[in-house]
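Scroll down for the structure; my scribbles are underneath it.
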Amino acid sequence: MTDSVTARFHVYPNERAAARALARHVSDAIQVKPDLVLGLPTGRTPVGFYHELSGMVDHGRCSFRSVRTFNLDEFLGIPPTHPGSYRRFMEAHLFNRVDLPASQINFLNGDARDPEAECERYEQAIAQAGGLDVQILGIGTNGHIGFNEPGPRLEARTHLVTLKLESRRSNAALFGGQLDRVPTEALSMGMATILQAESLILLAHGESKAGCIAAVVHGPLTTELPASFLQLHHDVDLILDTGAASALTSEAQTVQR
Ligand code: F6R
């Protein structure tokens with residue numbers, strides 16, 4: 001991606017500055033297009049960003065009144081009201097803190113009787129919304145995006161995933177630290193669904209992400225590192241702290257003040 005003219009690097013001194021920058025970026029996008037179609041991730045990474053964004057709404061600097069959201073993924077086999085669900089996570093960190101009407105929140109239903117039909121419904125809902133304008137992404141240390149895990153092949157569209165032990169472990173905190181309570185399956189947008197968004201913004205912080213960020217940027221395109229497919233997109237921003245940027249070429253590490 002360093003050779004690409006379209007990927008933009010934004011490196012900040014710390015996690016908070018990166019979260020603020022992303023919140024400003026999203027708020028600007030909402031100003032330009034109040035009915036923005038916004039794709040959202042869960043995980044530890046976006047918590048500060050959601051905090052900054054809800055602060056901006058509190059201070060009247062941004063409004064979600066007309067925004068429509070689509071989350072990347074959800075566990076299968078638990079209802080949206082389950083305390084470990086991604087839906088509940090989003091309610092706690094963003095949805096209940098901003099003026100986003102519930103009818104404009106789109107989520108994969110982990111309780112769906114027919115997971116394949118649910119995936120199809122989600123794809124159609126994204127298409128009916130006119131496609132994703134901005135998709136915010138986090139990244140796993142193994143290069144996963146959403147629940148698109150490394151392996152010999154990737155699924156293009158929203159699909160049912162059998163979770164890797166590593167992913168279940170990293171989500172155990174949502175289930176009281178008990179691995180056996182973490183669902184074994186999930187539903188996730190596919191790589192093509194993600195790549196069809198008008199623009200992508202990847203947020204990462206901490207040195208634990210440095211190796212995979214460098215591989216995503218400097219390495220080959222491979223299903224063994226799903227995020228490497230971001231190299232195919234024409235409009236990607238990487239918002240990083242110095243830790244996550246620490247394995248990039250020195251040119252890409254220029255810190256924003
Ligand atoms: C979840 C998602 C995942 C996370 C990734 C990183 O919706 O999209 O790909 O972004 O697992 O998680 P954290 O932020 O906890 O390091």
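Every read-out reported here was derived from the displayed coordinates using simple, explicitly stated rules and does not represent laboratory data. Source: prediction; values computed, not measured. FYI the Cβ positions are ideal-geometry reconstructions off the backbone, even for glycines, and counts take in every protein chain you see.
The alpha carbon convex hull volume per residue for segment 7-241 rounds to 115 Å³.
Look at where the Cα atoms of segment 68-96 and of segment 231-257 average out, and the two centres are 29 Å apart.
Treating each Cα of segment 151-257 as an identical point scatterer and summing with the Debye formula, the log10 of I(q)/I(0) at q = 0.10, 0.14, 0.17, 0.20 Å⁻¹ comes to -0.36, -0.70, -0.98, -1.19. Dipole magnitude for segment 78-188: about 320 debye, using +1 per Lys or Arg Cβ and -1 per Asp or Glu Cβ, origin at the Cα centre.
Quick one: Met56, Met189, Met90, fewest Cβ neighbours within 10 Å first, how do they rank?
Starting with the residue having the fewest Cβ neighbours, the order is Met56, Met90, Met189.
Considering only alpha-carbon pairs that sit under 8 angstrom and 6 or more positions apart, the relative contact order computed for segment 120-211 is 41 percent. Specify which residue in the list Ala29, Ser54, Cys119 is farthest towards the positive end of the charge dipole of segment 7-241, using unit charges on the beta carbon of Lys, Arg (+1) and Asp, Glu (-1), about the Cα centre. Looking along the dipole axis, the top candidate is Ser54.
The residue among Ala17, Ala214, Ser63 whose Cα reaches farthest toward the positive pole of the charge dipole of segment 7-241, with charges on the beta-carbon of Lys, Arg, Asp and Glu, is Ala17.
For segment 7-241, the relative contact order is 26 percent, taking Cα pairs closer than 8 Å that sit 6 or more residues apart in sequence and dividing their mean separation by the residue count.
Report summary: the helix-based calculation at 222 nm, which adds -39500 (n - 2.57) for every DSSP H run with n ≥ 4 and divides by the residues of the chain, gives -8500 deg cm²/dmol. Basic side chains Lys and Arg get +1 at the Cβ, acidic Asp and Glu get -1 at the Cβ, and with that the dipole of the chain about its Cα centre reaches some 560 debye.
Of all DSSP beta bridges in segment 7-241, what percent run antiparallel (nearest 5)?
Roughly 25 percent of the DSSP beta bridges within segment 7-241 come out antiparallel.
Taking Ser103, Ser199, Ser63 in turn, the Gaussian network model of the chain (Cα-Cα springs below 10 Å) assigns the largest fluctuation to Ser103.
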